[in-house]
């Protein structure tokens, strides 16, 4: 009886302990933390912090697409390139950064709508093949229309200098994390609502979702469009960080790294997207340091992929749900004080 009572009590207490965090509070705390870090970190680390924010825009949208809706995409690097090139063309002509970022998102959203309409008719490896083809075709477009995109040399991005009260790295970090936090907040609100439940239903069982009155194609198309908009924002922010855009900045391996990062972080979890964004900066940086120490650039390129592969295998064996699914062992948790019965 005692064991049964403890089990029932645990079930009654569990929902309270698994309450979701307030997304507005999380974003506010994240913004305060980023601002504090930009005043304490050295310039290069601040630039890396900004890069994590740019990656978070992409990984957050991709983890919603793949983790919550079940659509596998190997072409998000191409969507990032679409946003980056759009911003570069806009800035070189108008030099209005805020408007240019919005335009980059809109153009990438339109591209995502076209791909999403085709993707809604495909499943499994066929969908992966379609998005992989997109990742191959987009860079080749820059070589075909070299007068517009300047071929392999790429385009420079015209930017106004930041305010005198802050450094370039601080301004980049604030801009990238503003975009990242707004993206996370929007996705958190979307996934908690009815549309989020529709996405999960389509992922788990399309037949059951259809019987429940959910439009499979519409849900998949809109999810792909949302994810594409996030990738466009991330690509535009990368153009700001690098102040230039070229096909070499968005290789096919970038799409593979993005997919591995969200799997390692935890599919379907925005916290996993943050972990994945951190790994996308940390692991290549580690590979770069080892490559420089060995004096081999070829080793550096292979090490980044090797690190991701090893981490992926280890995490999938230790935590199939990703790093975000890990929980603190009960033996590490502080024990609750019990009241003594009064005699």
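The values are calculated or read from the model by the stated rules, or taken from the named source; none is laboratory data. Just so it is clear, the model here is predicted, and its values are computed rather than measured. Don't worry about glycine lacking a Cβ; one is built from the backbone with ideal geometry, like all the others, and counts go over all protein chains shown.
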Check on residue 23, loosely packed, with under 13 Cβ neighbours inside 10 Å and on the phi < 0 side of the Ramachandran plot
no
Take the conditions closer than 15 Å to residue 65 by Cβ, surrounded by 23 or more Cβ atoms within 10 Å (Cβ to Cβ) and touching a helix residue (DSSP H, G or I) at 6+ places or on another chain (Cβ under 6 Å) and apply them to residue 236. Does it pass?
no
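Would you say residue 290 is in contact (Cβ under 8 Å) with a residue 60 or more places away in the chain, farther than 19 Å from residue 60 by Cα and surrounded by fewer than 18 Cβ atoms within 10 Å (Cβ to Cβ)? Can you show your working first?
Details: in contact (Cβ under 8 Å) with a residue 60 or more places away in the chain: no; farther than 19 Å from residue 60 by Cα: yes; surrounded by fewer than 18 Cβ atoms within 10 Å (Cβ to Cβ): yes.
No; evaluated as a whole, the condition is false for this residue.
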Yes or no: region 157-167 includes at least one residue that is closer than 18 Å to residue 78 by Cα and touching a residue at least 40 places away in the same chain (Cβ under 8 Å).
no
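In this structure, does residue 122 turn out to be surrounded by fewer than 20 Cβ atoms within 10 Å (Cβ to Cβ), more than 22 Å from the chain's Cα centre (by Cα), under 24 Å from residue 202 (Cα atoms) and free of Cβ contacts under 8 Å to residues at least 60 places away in the same chain? Walk me through how you get there before you give the answer.
On the way: surrounded by fewer than 20 Cβ atoms within 10 Å (Cβ to Cβ): yes; more than 22 Å from the chain's Cα centre (by Cα): yes; under 24 Å from residue 202 (Cα atoms): yes; free of Cβ contacts under 8 Å to residues at least 60 places away in the same chain: yes.
Here the answer is yes, as residue 122 does meet what is asked.
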Helices (runs of 4 or more DSSP H) (entirely within region 16-131) containing at least 1 residues that are in contact with a strand residue (DSSP E or B) (Cβ under 9 Å, 6 or more places away or on another chain):
76-93
Residue set 155, 159, 175, 181; condition within 20 Å of residue 241 (Cα to Cα), at pLDDT 90 or above and touching a strand residue (DSSP E or B) at 6+ places or on another chain (Cβ under 7 Å); output residue 155
May I ask you to list the residues in region 132-166 that are surrounded by 13 or more Cβ atoms within 10 Å (Cβ to Cβ) and outside any helix (DSSP H, G or I)?
150, 154, 155, 156, 157, 158, 159, 162, 166
